[in-house]
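The values are calculated or read from the model by the stated rules, or taken from the named source; none is laboratory data. The model shown is predicted, which means the values in this text are computed figures rather than measured ones. Cβ: placed from backbone, ideal geometry, glycine included. Neighbour counts: every protein chain shown. Surface accessibility is based on the protein's heavy atoms, side chains included, excluding ligands, DNA and RNA. Shrake-Rupley method; radii C 1.70, N 1.55, O 1.52, S 1.80 Å.
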Amino acid sequence: MNTLHGPLFMVASMAAFAAEDALIKGLTDRVPIGQLGLFLGVGGILVFGIVAQIQGHSLFDRRALRGAVLVRTLAEACAVVFMLLGLALVPLSVVTAVLQAMPLTVTLAAAVFLREPVGWRRWSAILVGFIGVLMILRPGASGFDPYVLLPVGSVLALTLRDLATRRVPANIASIQVSGWGFAAAIPGGVILLVMRGEGLIMPAAADWGLQALTLLTAILGYIALVLATRTGEIAVTTPFRYSRLVFGMMIGVIMFGERPAMLTLVGAALIVAAGLYTLMREMRIRRQRAR
């Protein structure tokens, strides 16, 4: 397959996820965010449940409640809570920028908890990336908004999810893991409804359509991500994950009238640079070990 297919699928995936974030943010003014989580969870279960059945698997499997799979699903539920709250209360450009730190936090957590070797160069890149995050959050500054910590909570939960994914037994199908990940939005939605004292409502017809579009973009983003990882070389494809930052900031400016501060832009650039450097070091080390 053409080597351009992997990067193109990755860019398409990131565009879909950025569109999903924007749709959710736009809906939070009219639909309780917990209800949005429930809708995405139920819709995801239906879609992935059908695909799993076609492939000879089932989402109703006791292994979903054991070990690393259970930890992964619980972490996903926590990520849903932080992410939906963040999209409702924090500028989209800030949420998107902070999320780019996740590859760095995964590398850090893998070194600390899984004892994976990390040299001083990658430690330095992680430090630079975290400086970028602090530039975006600006704790201690006058007018500091504590809600900007919500996407940080999402990053931490997603980091735990990714670590748990590495411990999921190989005999569990990817489609099952994905379906259970979508299912985690259901308890996440319930938690949000209880936290915010909100009940379910009957959305307007247009909002039903926007919710369906949100689910569609989430599923298309996932499919494109899978195609990207399967059809492209990881060293070529993975850097295009950062295209989500471009899409997120563009949507924030155009649709929501956001004007990212210069420190936010510089911080985002530091995070992306640190993430790309970390990726290059990891690929170089892998090549050396393969010799």
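If one computes P(r) from the Cα atoms of segment 91-154, what percent of pairs lie at distances over 20 Å? Spell out each step's value before the answer.
Working: 664 of 2016 pairs.
Tail of P(r) above 20 Å: 33 percent of Cα pairs.
Using θ = phi - 60° and the Karplus relation 6.51 cos²θ - 1.76 cosθ + 1.60, list the HN-Hα couplings for segment 251-258 in order, rounded to whole Hz, with x at every Gly or Pro.
Coupling constants for segment 251-258: 5, x, 6, 6, 8, 10, x, 6 Hz.
How many Å² of accessible area per residue for segment 1-108, probe 1.4 Å?
Numbers: 4380 Å² over 108 residues.
Roughly 41 Å² per residue, with all protein chains present.
Classify segment 197-291 as rounded, prolate or oblate from the Cα gyration tensor: take a ≥ b ≥ c as the square roots of its eigenvalues, call it rounded if a/c is under 1.5, otherwise prolate when a/b beats b/c and oblate if not. Present the calculation step by step, with values, prior to reporting the outcome.
Details: a/c = 3.12, a/b = 1.61, b/c = 1.94.
Since a/c reaches 1.5 but b/c is at least a/b, the shape of segment 197-291 is classed as oblate.
Taking only C-alpha pairs under 8 Å that are 6+ residues apart, what is the relative contact order of the chain in percent?
Working: 388 pairs, mean separation 130.5, N = 291.
45 percent.
Rounding to the nearest 20 debye, state how big the charge dipole of segment 1-116 is about its Cα centre with +1 on each Lys and Arg Cβ and -1 on each Asp and Glu Cβ. All intermediate terms of the calculation are to be shown ahead of the outcome.
Values: 7 positive and 6 negative charges, 63 e Å.
For segment 1-116, the charge dipole is close to 300 debye.
For segment 123-202 and segment 260-274, what is the centre-to-centre distance using only Cα atoms, to the nearest Å?
20
Using Cα springs under 10 Å in a Gaussian network model of the chain, which residue among Pro91, Pro239, Pro146 shows the largest mean-square fluctuation?
Result: Pro146 has the largest fluctuation of those listed.
Summarise the accessible area of the chain (1.4 Å probe, protein heavy atoms) by the percent that is carbon and sulfur.
On the way: 10030 of 14500 Å².
About 69 percent, which is the carbon plus sulfur part of the accessible surface.
Taking the Cα centre of segment 93-231 as origin and charging only Cβ (+1 Lys, Arg; -1 Asp, Glu), how large is the dipole, in debye to the nearest 20? Write down the numbers at each step before the final one.
On the way: 9 positive and 5 negative charges, 110 e Å.
Approximately 520 debye in magnitude.
For Ser154, Ser124, give the ranking by accessible area with the largest first, probe 1.4 Å.
On the way: Ser154 0, Ser124 50 Å².
Final ranking, largest accessible area leading: Ser124, Ser154.
Charges only on Cβ, +1 for Lys and Arg, -1 for Asp and Glu: so what's the dipole of the chain about the Cα centre, in debye to the nearest 20? Let's see the in-between values first.
Values: 24 positive and 13 negative charges, 259 e Å.
Approximately 1240 debye in magnitude.
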